[in-house]
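S.K.: Can you read through this structure? Questions will come right after.
The values are calculated or read from the model by the stated rules, or taken from the named source; none is laboratory data. Predicted model, so just to flag it, every value in this text is computed and none were measured. A quick note on method: Cβ atoms are made from the backbone with ideal geometry, for glycine too, and the neighbour counts reach across all protein chains shown. Areas reflect the complete protein model, heavy atoms only, side chains present, ligands, DNA and RNA absent. Shrake-Rupley method; radii C 1.70, N 1.55, O 1.52, S 1.80 Å.
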Amino acid sequence: MTDFHNLYNHLRLSSLLTKKYRVLFRVKQLDDDVSCKNDSFSKQCVWPCFLSLGSKKKHNKHGNVAVKIKMTFESLPNELLCELFEYFDATDLFRAFHGLNVRFNKLLLTQREYHLNFQHTAPEEFDVISQKYLPSIVDRLISIEIHDATETPQFSMFFFQHIFQRQHIFVQLKSLTICSINDHSLLITIIKKCTILNSLTHLNIIGQQCSNISNLVYEYIWNIPSLTRCNLCAIRGLRANQMHTLDVSNSIKNLTTAECDLHKVFQILQSTPNLQRLEVVNLEVGQFTIGATSTFLLTSLRIFFRGKDSYLIYIFQNLPQLRCLTIENSNISWDGYDWERVINEHLPKLKILRFKMERSILLQYKSVDFLLESFQTPFWLIDHQWYVGCYWDPKNIHRVGIIYTLPYAFNTLDINNDWHFKTTAVEDIHKLLCCRRVQDVTYSGENCLEHQVPFYCPNIHKLYIDLPYEFKSFSWFSSLITLKSLYISIRPGFDYDRLQLILNELPYLYSLNLDLQGVLCQRLFQLTSSSVRRLDLSLLSYSPCFTLENCNSLILSSLGRRCEVLSIQVDSLYSILRLIQDLPKLRALRYQWTSSIQSYRAWNTELVNLLEKHLPSVCSVDECTRDLSQVDIWINRQLKYFIRSSTNYNNSFYSFLI
């Protein structure tokens, strides 16, 4: 039941809700010729948002009796079920429906295509998928997503060394995503194997960034035959003087890269003649010298730029076909007249402009009205219908603020309730203030949550709140149905009752991250949430240390009983053992020592001995020895297999069975 409702919750938030809404109302109840193994599931698991509930009689205006028939999910025809299944990850499908009955078991293995995302996968689940299902679906597998984060530490090593070695069997694989991998040699090996995947069109290397990557990574990527979209946000630190001449890639059309300089950008442009869209997360000038201009066919550019305006103008001079420009910078303070001149002279085909300029831009003007006046010429309001907003701190002597185009076009947004806001728009203001692209929001201010903020963000995934000791209003949280992660700073005197009200209003919250400042309060262990499965209680190095008594309180708490992923600081080896043994659903644990560096190795050695002594004899423990202050443990509770780690990883890592 739990897994089905988790899947159902995901369904409510997906586009499937609107696409299939009318179809499900027209579904007729069919005879199920396959015997059910679980009749209680058939009787209880109905879809109330689509189908009529209950079976009761009601008289209509003509005196006839209308009967509402209770429809179960299993009543849907196979064709519709298969179409619905295509919207979900294969791990969720097998977790929710395998073993329900023979019919569903067959349907799960007859899909046209499959997506595998191992972000929240427990070791025992991966064991089932890799041994029972993967051999049957590998020829229809079109996307794989691998994570090396806290929930699945060093997972990429195991997956690619034991499964991806036979990369030739992934004949239909179109998309590969690798998140937070920190083994450079393994990354190079993976990319090299991708060069023989003729169907691979999307490659994403994201998450925690890797520094000082070898030039071989770029050489292999440029030789993937059908690659069209490439995201290399996790690769940084490579400058043009470290790069050899790249082979020409005629297939790459969409490229995202992390920190790089202008030399590297122009080298990339020369080696990808069909590139249409380029995004540079952090573009620096470096040792670049302005020279003769070239003509590139790029039509869309998105950059965070650090440099003088002369370099930015030089970039525009090389991109005469540019139609879409998205730029964020903290060095350039152009007003509306400056932008109008630059666009008219260098970007004649520009149709979409999105910018965000920060720093003390308002110091150059007597008031915000004078600044906004430069964006109210016919060029802005009539020719292009581009509108801007200004968001500033009236109390700051440096008049710090930001000015940006509407609607807001960036993923992160800092909201301070003490700041003021003005815009050049006079119509459809509510529509322009809807920030659909924003996923990460930081909210602060002395008057936090007491006044209406000038933004509406319907797709927030992460929310960072720096609250004062008390806050009164609660209305701003009412629409955060998409929120997955909540980060809150907790100071002495914090109102835990108000936090509980927040948790009650977030039915799909997955991760709760608490910046604990000061002494631990017992009220923390009385918090409840029906959806939270991940707890991070060690965001900062000075977070309070959990004693054995604190760990016992966490184990007995409602959050602890539901916790699957835990990050914590402890002062006792036995605290770790107690957490592993007594948190019933724990599958991943990250802990930090509070001792000096000299004590880390001794503590970790003692922990290995302690685990081997108190855990079952089938358990194995292995250790990596670079960052001994932080240790990741991945737990398999079904006594089926053990993933050994290698000594090439950044964090200490223990993987064992309990």
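S.K.: What percent does the relative contact order of region 110-189 come to when contacts are Cα pairs within less than 8 Å and at least six residues apart? Write out the running numbers ahead of the final one.
M.R.: Working: 91 pairs, mean separation 27.5, N = 80.
RCO, region 110-189: 34 percent.
S.K.: May I ask you to list the aspartates and glutamates whose Cα is less than 14 Å away from that of Lys193, ignoring any residue fewer than eight positions away on the same chain?
M.R.: Within the straight-line cut-off, Lys193 pairs with Glu219.
S.K.: Related question: Taking region 493-589 on its own, what percent of its Cα-Cα pair distances exceed 21 Å?
M.R.: Working: 1212 of 4656 pairs.
The share of Cα pairs beyond 21 Å in region 493-589 comes to 26 percent.
S.K.: Would you calculate the separation in nanometres between label points at Val426 and Asn78, each defined as 7 Å from the Cα along the Cα-to-beta-carbon direction?
M.R.: Going from the Val426 label point to the Asn78 one covers 6.4 nm.
S.K.: Ranked by accessible surface with a 1.4 Å probe, highest first, in what order do Thr293, Thr228 come?
M.R.: Working: Thr293 80, Thr228 40 Å².
Greatest to least solvent exposure: Thr293, Thr228.
S.K.: Right, here's the next one. Heavy-atom accessible area of Trp222 with all protein chains present, probe 1.4 Å, nearest 10 Å²?
M.R.: It works out to around 10 Å².
S.K.: Taking the Cα centre of each part, how many Å lie between region 271-317 and region 392-445?
M.R.: Region 271-317 and region 392-445 have Cα centres spaced 27 Å from each other.
S.K.: Filter the cross-link list Lys351/Lys431; Lys174/Lys253; Lys349/Lys422; Lys484/Lys585 down to pairs whose alpha-carbon distance in this structure exceeds 25 Å.
M.R.: Numbers: Lys351/Lys431 20 Å; Lys174/Lys253 15 Å; Lys349/Lys422 29 Å; Lys484/Lys585 19 Å.
Pairs exceeding 25 Å: Lys349/Lys422.
S.K.: Determine the order of His115, His430, His420 by accessible area, beginning with the largest, at a probe radius of 1.4 Å.
M.R.: Working: His115 60, His430 140, His420 90 Å².
In descending accessible area the options line up as His430, His420, His115.
S.K.: If amide H atoms are built 1.01 Å from N in the plane of the peptide, which residues on other chains or at least 5 residues away come under 5 Å of the amide H of Leu406?
M.R.: Those lying under 5 Å, H to H, from Leu406 are Tyr387, Val388, Gly389.
S.K.: Turning to a different aspect of this structure: Could you check the spin-label model distance between Gln317 and Asn223? Points 7 Å from the Cα along Cα→Cβ, value in nm.
M.R.: 3.7
S.K.: Can I ask one more? Can you sort Glu358, Glu549 by solvent-accessible area, 1.4 Å probe, largest first?
M.R.: Working: Glu358 60, Glu549 135 Å².
Ranked from most to least accessible, the order is Glu549, Glu358.
S.K.: For Thr547 and Arg277, calculate 0.36 nm times their separation in residues minus their Cα-Cα distance, and state this gained length in nm to one decimal. Mind dumping the intermediate values first?
M.R.: On the way: separation 270, 0.36 × 270 = 97.20 nm, distance 5.20 nm.
Length difference between fully extended and current span is 92.0 nm.
S.K.: Then there's this: Place a point 7 Å from Cα of Thr295 in the direction of its Cβ. Which residues in region 301-325 have their backbone N less than 16 Å from it?
M.R.: Hits in region 301-325 for Thr295 at 16 Å: 316-323.
S.K.: For Ser538, tell me the accessible area in Å² from a 1.4 Å probe, rounded to the nearest 10.
M.R.: Estimated to the nearest 10 Å², Ser538 gives 20 Å².
S.K.: Separate question: I need to check one value: relative contact order of region 540-580, counting alpha carbon pairs closer than 8 Å and at least 6 residues apart, in percent.
M.R.: Numbers: 26 pairs, mean separation 22.7, N = 41.
With pairs under 8 Å counted, the relative contact order is 55 percent.
S.K.: How much length is gained if the chain between Asn215 and Gln376 is pulled fully straight, taking 0.36 nm per residue apart and subtracting their Cα-Cα distance, in nm to one decimal?
M.R.: Details: separation 161, 0.36 × 161 = 57.96 nm, distance 4.75 nm.
Using 0.36 nm per residue and subtracting the Cα-Cα distance, I get 53.2 nm.
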